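Reviewing the structure listed below.
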Amino acid sequence: MEGRGVGRVALSALVAVFLGASLGADQASLTPPAKGSIRVAFVLSPGAVVIDYSGPWEVFQDAAVPDPAEGTPAFELYTVAATTDPIRVSGGLKVVPDYTFESAPAPRIIVIPAQGGGKDQRLVDWVRTSAAHADLTMSVCTGAFILAETGLLNGKGVTTHHSAYKRLAATYPGVHVQQGFRFVEEGSVASAGGLTSGIDLALRVVERYFGHEAAERTAFYMEYQGKGWEDPKSNTAFIPVATAANAVVDPVCGMDVPPDTHYVSTYGGKTVHFCSATCKEAFDKAPAEYQGK
């Protein structure tokens, strides 16, 4: 791409100028290697949500800041799964993972999109082990459940898709769910809200490594006009609220329940209505967790 490459020597000057003003005081900048690329591992399993990982993938790809002497891109991207057999992700797209958990190179960034299947303990263990040597481990959407399962979020803030705020809080009481956040950063871990929020968190990661101008240049090249990467609190529109005057509210996700819903349970002598099978399943597993929340 003509005009987007900036040498790493020039970038070091940009970082010194811009990071102090643009990064929050509690979020240190990330240091790119003097040579070579920043390895980014995208963890996949069947049903992984395409935009959750393809959005950040595109950001990191377009944020390439080659060293003129080497032609090395800033980010080296690869997928990791239980096997290298083809898997079906959301919408039926077939993906062939690059590496298994045993063969994958050590990453400096780990991206965890929402996954479609049940909990894969091998995936959780690989993330936990690899995160110990990574610069950043980030979840997108309900990938936050996997990140929470590793224990890396204990006592820390996290966000997720707006329909899963209550479910995440009930499932992992040791984490602090932040509603209405586009993304939440907690040192070496970070989480994005639903779907497109992962693009903003990835742009923020580019900023932490290479400065505000590099992130702006990346967004401009992508023709991405969203500004959520500059304002982590910009998802307030997605804080669940009942919109209808006599709305029945799903106790799991906080969303309005359609009057003709087929998803109901009985608890404490009362009928409880849900907007989806997922919410009903979560409630039925631990109904007491959702009472009064």
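Numbers for the structure displayed
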read-out: Set R217, R182, R204, R208: member being over 18 Å from A28 (Cβ atoms) and either buried (at least 24 other Cβ atoms within 10 Å of the Cβ) or touching a Leu at 6+ places or on another chain (Cβ under 6 Å) (or both); value: R182
read-out: Residues within the stretch 243-293 that are surrounded by fewer than 11 Cβ atoms within 10 Å (Cβ to Cβ) and among the β-branched types (V, I, T), tallied; value: 3
read-out: Members of the stretch 237-267 that are touching a residue at least 12 places away in the same chain (Cβ under 8 Å) and farther than 30 Å from S197 by Cβ; value: V264, S265, Y267
read-out: In the stretch 72-94, residue nearest to A106 (Cα to Cα) [restricted to those that are touching a Gly at 6+ places or on another chain (Cβ under 9 Å) and not basic (K, R)]; value: E76
read-out: Sole residue being closer than 22 Å to V241 by Cα and either in contact with a Lys or Arg (Cβ under 9 Å, 6 or more places away or on another chain) or in a loop (DSSP other than H, G, I, E, B) (or both), chosen from A170, A164; value: A170
read-out: Search result, residues across the stretch 244-275 that are closer than 18 Å to H161 by Cβ and either assigned to a loop (DSSP other than H, G, I, E, B) or hydrophobic (A, V, I, L, M, F, W, C) (or both); value: V249, D250, P251, V252, C253, G254, M255, V257, F274, C275
read-out: Selected residue [under 16 Å from the mean Cα position of the chain (by Cα) and of a type in the set (D, E)] from E102, E76, E58; value: E58
read-out: Among residues of the stretch 72-106, those that are at pLDDT below 95 and among the β-branched types (V, I, T), counted; value: 1
read-out: Cβ pairs under 9 Å, 6+ apart, first in the stretch 178-194 and at positive phi, second in a strand (DSSP E or B) and crowded, with 19+ Cβ neighbours inside 10 Å; value: G187/L136
read-out: Yes/no for H161 being in contact with a Cys (Cβ under 7 Å, 6 or more places away or on another chain), in the same structural domain as T137 (by TED's automatic domain parsing) and not polar (S, T, N, Q); value: yes
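Table: residues versus (1) closer than 26 Å to G116 by Cβ; (2) modelled with pLDDT of 60 or more; (3) more than 21 Å from the chain's Cα centre (by Cα).
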{"position": "V17", "(1), (2), (3)": "no, no, yes"}
{"position": "S29", "(1), (2), (3)": "no, yes, no"}
{"position": "A34", "(1), (2), (3)": "no, yes, yes"}
{"position": "R39", "(1), (2), (3)": "yes, yes, no"}
{"position": "S45", "(1), (2), (3)": "yes, yes, no"}
{"position": "Y53", "(1), (2), (3)": "yes, yes, no"}
{"position": "A69", "(1), (2), (3)": "no, no, yes"}
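The values are calculated or read from the model by the stated rules, or taken from the named source; none is laboratory data. Keep in mind that what you see is a predicted model, and the values were worked out from it rather than measured. Glycine gets a Cβ as well: all are built from the backbone with ideal geometry, and neighbour counts include every protein chain shown.
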